[in-house]
1. Six or more apart or on different chains, Cβ atoms under 6 Å: show the pairs whose first residue is in the range 1-13 and within 8 Å of PHE34 (Cβ to Cβ) and whose second is modelled with pLDDT under 75 and surrounded by 21 or more Cβ atoms within 10 Å (Cβ to Cβ).
2. Give just the number: which of (1) loosely packed, with under 14 Cβ neighbours inside 10 Å; (2) assigned to a loop (DSSP other than H, G, I, E, B) does ALA18 not satisfy?
3. Of everything in the range 44-85 that's basic (Lys, Arg) and within 17 Å of PRO29 (Cα to Cα), which residue is nearest to the chain's Cα centre (by Cα)?
4. I'd like the full set of residues that are within 19 Å of SER12 (Cα to Cα), out of contact with any helix residue (DSSP H, G or I) (no Cβ under 7 Å at 6 or more places or on another chain) and not hydroxyl-bearing (Ser, Thr, Tyr), limited to the range 44-57.
5. If we scan the range 50-65, do we find a residue that is touching a His at 6+ places or on another chain (Cβ under 9 Å), under 11 Å from VAL5 (Cα atoms) and surrounded by 14 or more Cβ atoms within 10 Å (Cβ to Cβ)?
6. What tally of residues in the range 38-67 results from selecting those that are without any contact (Cβ under 8 Å) to a residue 24 or more places away in the chain and not in a loop (DSSP other than H, G, I, E, B)?
Amino acid sequence: MDTQVVGISSDSKFANGAWATSMGGVKFPLLCDFYPHGDVAAKYGVLRKEGFPERSVFIIDKQGVVRYIDVHDIGEEPDIEQIFEELKKL
């Protein structure tokens, strides 16, 4: 498969691990945007004006092109089945 799923969070690596576990143990990189706080989220366009990112999942191809973005409010979790469907499309 020529894509990469990536999550972005300003939480610690421990919180990211708990989030991954809560999604059924799906293993894809969760970028820890802890310091400088919000820098990565701002570059991906998901940093809220309050200073924290939305819950976000990105599918990026081998050329570095973002092919899919799934953004949720903090209290929501991504739909893993939808992400798999998007991966199948690519």
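1. Listed pairs, sorted by first residue: none to list.
2. So ALA18 meets the others, but not (2).
3. ARG55
4. VAL46, ARG48, GLU50, GLY51, PHE52, GLU54, ARG55 - these are the residues of the range 44-57 that are within 19 Å of SER12 (Cα to Cα), out of contact with any helix residue (DSSP H, G or I) (no Cβ under 7 Å at 6 or more places or on another chain) and not hydroxyl-bearing (Ser, Thr, Tyr).
5. Looking through the range 50-65, at least one residue is touching a His at 6+ places or on another chain (Cβ under 9 Å), under 11 Å from VAL5 (Cα atoms) and surrounded by 14 or more Cβ atoms within 10 Å (Cβ to Cβ).
6. The number of residues fulfilling the criteria is 5.
The values are calculated or read from the model by the stated rules, or taken from the named source; none is laboratory data. No experiment lies behind these values; they were computed from the predicted model shown. Positions of Cβ are generated from backbone atoms using ideal geometry, with glycine treated the same way; all protein chains shown enter the neighbour counts.
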